[in-house]
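Have a look at the structure below, then the notes.
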Amino acid sequence: MTDHNDKNRDDESKIPMTEGATSSIWGGRFAAGPSALMEAINASIGFDQRLYAQDVAGSKAHCVMLKNQGIIPEDDALKILDGLDRVLDEIEAGEFAFSPALEDIHMNVENRLRELIGDGAGRLHTARSRNDQVATDLRLWVRDTLDGLDGALKGMQRDLIDRAREHHDDVMPGFTHLQAAQPVTLGHYLLAYCEMLGRDRGRIADCRARMNESPLGAAALAGTSFPIDRLDTARRLGFDRPTANSLDSVSDRDFALEFLSLAAIIAVHLSRMAEEFVLWCSAQFNFMRVSDEYSTGSSIMPQKRNPDAAELVRGKAGRVIGDLTSLLVALKGLPLSYGKDMQEDKEPVFDAADTLELCISAMSAMVRTAIFNTERMKKDAGKGFTTATDLADWLVRVLAMPFRDAHHVTGALVKMAEDKGVGLEDLSLGEMQSVAPGITEEIYNVLGVENSVKSRTSHGGTAPENVRRAVDEARRRFLD
């Protein structure tokens, strides 16, 4: 490891890490360094140091291209590549001294490279600008994050599919307006969230494909007069192609907005599931119990058992939505091409990624460890006259009654049962025939909740045999 304080280094070969460092960065344009206040508002190293791996990767690809194009000497290129590897090792070992005076990750890496290999480090910045450099770095970081996010959602889908198979025939109430509507199976319910996450993964794939173009080589905004090979650097960094317009290349943050948009949608899906869990854990529902690992107690009420992990996931959705709003507002009034406002793109992207990673992990763990009270679910599945639609369908199917007439008859029978304080299945045949004389004993076969769910065999329906097939299909679609 090279000593950062080695007195034998050529002092002229490095940018000093002092309050006046910015004047050296700008190559003598300014007579004095920035004020401490300017340095504080201008520096981004406190957060953009997270781009270090992408910054080094981009620099190495750029260096190799410059060498191959005969733009810089091979000896300097080899020293630069070796020096960049040493910088990367220092950062990953926690031995790199980041300096706010050097503003950002790019200048911190370049300054340390100059310390390690001397003046030849200055050749690395030929034919590029920090404008195309940061656009490239952030694209690489978001692309890596999308890949990780896709893997995390796939893992959560696996958990949902496993639990859906386990509970493919356990009956529970389905709701509209949070009112008991029709019986469904718990497996069907869990697969609904699996479908949401599947669409989220589709958005991830779309975003990744659309953003996979390299801005490197666009330079400050107008391209460069050097004979660079942008296709070469794009391929070295795993991009499909270079971006087509240099102005757009350095000013585009659509990919960051698209990432934050899909992140907000994922957060909303997680929040909806979290809300279900919070409700289901209440004594009023008593549908499930969240593992002790993801619950907390009360400082004053010893009986309390709070599903705090789910509540926090629900709350953090607002944070991710805020990250999207923050960047939308920052970009909405910017003329082409680059403005310092765009430095504000990274923190919301980083925050949304970190928040989502935590929330997906928490929700996945709760899905895996949840204990579902299937007896209570089944008991509640029949409350609220949830088989009324089955009765109406029977009238249409067996008595050839027009549906609107069947709806009216069923409504009258529901009112009769409600007035008597009983369920539809508790009405006598005579009571039912007083409303619709053609009703027979067969009607009781459709009024039980288990019979109800078994009858829902249409494509995408809740019948247990459907759910078993849907589980297998979901494994094929999402996991294979």
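The values are calculated or read from the model by the stated rules, or taken from the named source; none is laboratory data. For clarity, every value in this text was computed on a predicted model and none was experimentally measured. So basically every Cβ, Gly included, is an ideal-geometry build from the backbone, and we count neighbours across all protein chains shown. Surface accessibility is based on the protein's heavy atoms, side chains included, excluding ligands, DNA and RNA. Shrake-Rupley method; radii C 1.70, N 1.55, O 1.52, S 1.80 Å.
Descriptive notes on the structure:
- Any chance residue 211 is touching a residue at least 60 places away in the same chain (Cβ under 8 Å) and closer than 30 Å to residue 454 by Cα: no
- Flag for residue 217 being under 27 Å from residue 334 (Cα atoms), surrounded by fewer than 21 Cβ atoms within 10 Å (Cβ to Cβ), touching a helix residue (DSSP H, G or I) at 6+ places or on another chain (Cβ under 7 Å) and in the same structural domain as residue 344 (by the TED database): no
- From 139, 203, residue being open to solvent by 60 Å² or more (accessible area, probe 1.4 Å), in a helix (DSSP H, G or I) and modelled with pLDDT of 95 or more: 203
- Pairs with Cβ under 9 Å, 6+ apart, first in segment 172-185 and without any contact (Cβ under 8 Å) to a residue 60 or more places away in the chain, second of a type in the set (Gly, Ala, Ser) and surrounded by fewer than 23 Cβ atoms within 10 Å (Cβ to Cβ): 175/181
- In segment 338-395, residue nearest to residue 432 (Cα to Cα) [restricted to those that are aliphatic (A, V, I, L, M) and open to solvent by 10 Å² or more (accessible area, probe 1.4 Å)]: 388
- Of the residues in segment 93-113, at least one is open to solvent by 70 Å² or more (accessible area, probe 1.4 Å), modelled with pLDDT of 80 or more, outside any helix (DSSP H, G or I) and not assigned by the TED database to the domain that holds residue 347.
- Failed item, numbered, when residue 301 is tested on (1) modelled with pLDDT under 95; (2) in contact with a Leu (Cβ under 7 Å, 6 or more places away or on another chain); (3) among the hydrophobic types (A, V, I, L, M, F, W, C): (2)
- Spans of helices (runs of 4 or more DSSP H) in segment 387-480 with at least 3 residues under 30 Å from residue 150 (Cα atoms) and among the hydrophobic types (A, V, I, L, M, F, W, C): 464-474
- Residue list for segment 150-177, restricted to those being charged (D, E, K, R) and over 27 Å from residue 202 (Cα atoms): 169, 170
- Residue 351 being on the phi < 0 side of the Ramachandran plot and at pLDDT below 95: no
- Against the numbered list (1) closer than 30 Å to residue 207 by Cβ; (2) open to solvent by 10 Å² or more (accessible area, probe 1.4 Å); (3) at pLDDT 95 or above, residue 61 comes up short only at (2).
- Boolean, residue 432 is open to solvent by less than 50 Å² (accessible area, probe 1.4 Å) and under 30 Å from residue 155 (Cβ atoms): no
- Exclusive hit being among the aliphatic types (A, V, I, L, M) and not assigned by the TED database to the domain that holds residue 307, set 388, 353: 388
- Within segment 164-193, considering residues that are over 18 Å from residue 465 (Cβ atoms) and in contact with a Leu (Cβ under 9 Å, 6 or more places away or on another chain), the one most open to solvent (accessible area, probe 1.4 Å): 178
- Contact map, segment 445-467: residues that are more than 19 Å from residue 167 (Cβ to Cβ) and not assigned by the TED database to the domain that holds residue 194 paired with residues that are open to solvent by less than 30 Å² (accessible area, probe 1.4 Å) and of a type in the set (S, T, N, Q), Cβ distance under 6 Å, separation 6+ or inter-chain. Pairs shown: 447/387.
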